[in-house]
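Only the coordinates and a few stated rules stand behind these numbers; no lab work does. Predicted model, so just to flag it, every value in this text is computed and none were measured. Virtual Cβ from ideal backbone geometry, glycine too; neighbours counted across all protein chains shown.
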Amino acid sequence: VAVDLEPDDDLPGVRITATCRVTGRTGIEMEAMTAVSVAGLTIYDMCKSIDKKISITDIKLTYKTGGKTGTFKNDKL
C-alpha cells in the first residue's frame, strides 16, 4: 500500500491517493479506500485547531484492475 498526499490549489486542500497491489484474489479497493479515509482523518485531526469547518469529501474508487469484474475506471473525477 502506498498513500500519497498532494496539495490541490483547486480545492483548496489535499488530494489523497492510495495505491494497493496484491497477488491474491480480494476486494482490495476496500483497503485502498480505508487508507484514504484514515489519512483524511489524520489530516483533519492535525488541522482542526486552525479551522473547524474543514471537511473530508469525495472518497471514491477511481481505477481498479483484476478480480471478477475486470478493469474499472471512474470517468466522473
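Excluding same-chain residues fewer than 8 positions from residue 64, which aspartates and glutamates have a Cα within less than 18 Å of its Cα?
Result set, ordered by chain and number: 4, 29, 31, 75.
For region 7-19, take each phi angle, set θ = phi - 60°, evaluate the Karplus expression 6.51 cos²θ - 1.76 cosθ + 1.60, and give the result in whole Hz per residue in order, putting x for glycine and proline.
x, 10, 5, 5, 6, x, x, 10, 9, 10, 10, 10, 10
Dipole of the chain, Cα-centred, from +1 at each Lys and Arg C-beta and -1 at each Asp and Glu C-beta, to the nearest 20 debye?
420 debye
Compute the helix-to-body angle for 29-47: its Cα long axis versus the longest principal axis of the chain, expressed 0 to 90° and rounded to tens.
Relative to the chain, helix 29-47 is tipped by roughly 10 degrees.
Please state, as a whole number in µm²/s, the translational diffusion coefficient that the Stokes-Einstein equation yields for the chain at 25 °C and 0.890 mPa s, with Rh defined as the Kirkwood radius across alpha carbon pairs.
D, rounded to a whole number, is 177 µm²/s.
What is the set of long-range amide H partners of residue 72 at a cut-off below 5 Å, with H atoms built 1.01 Å from backbone N?
It is 64, 65, by chain and number.
Would you pull out the residues with amide H under 5 Å of residue 14's amide H, same chain only if 5 or more places away, H placed 1.01 Å from N?
8
With a sphere of radius 15 Å drawn around the Cβ of residue 6, what net charge do the other residues whose Cβ falls strictly inside it have (Lys, Arg +1; Asp, Glu -1)?
Local charge sum for residue 6: -4.
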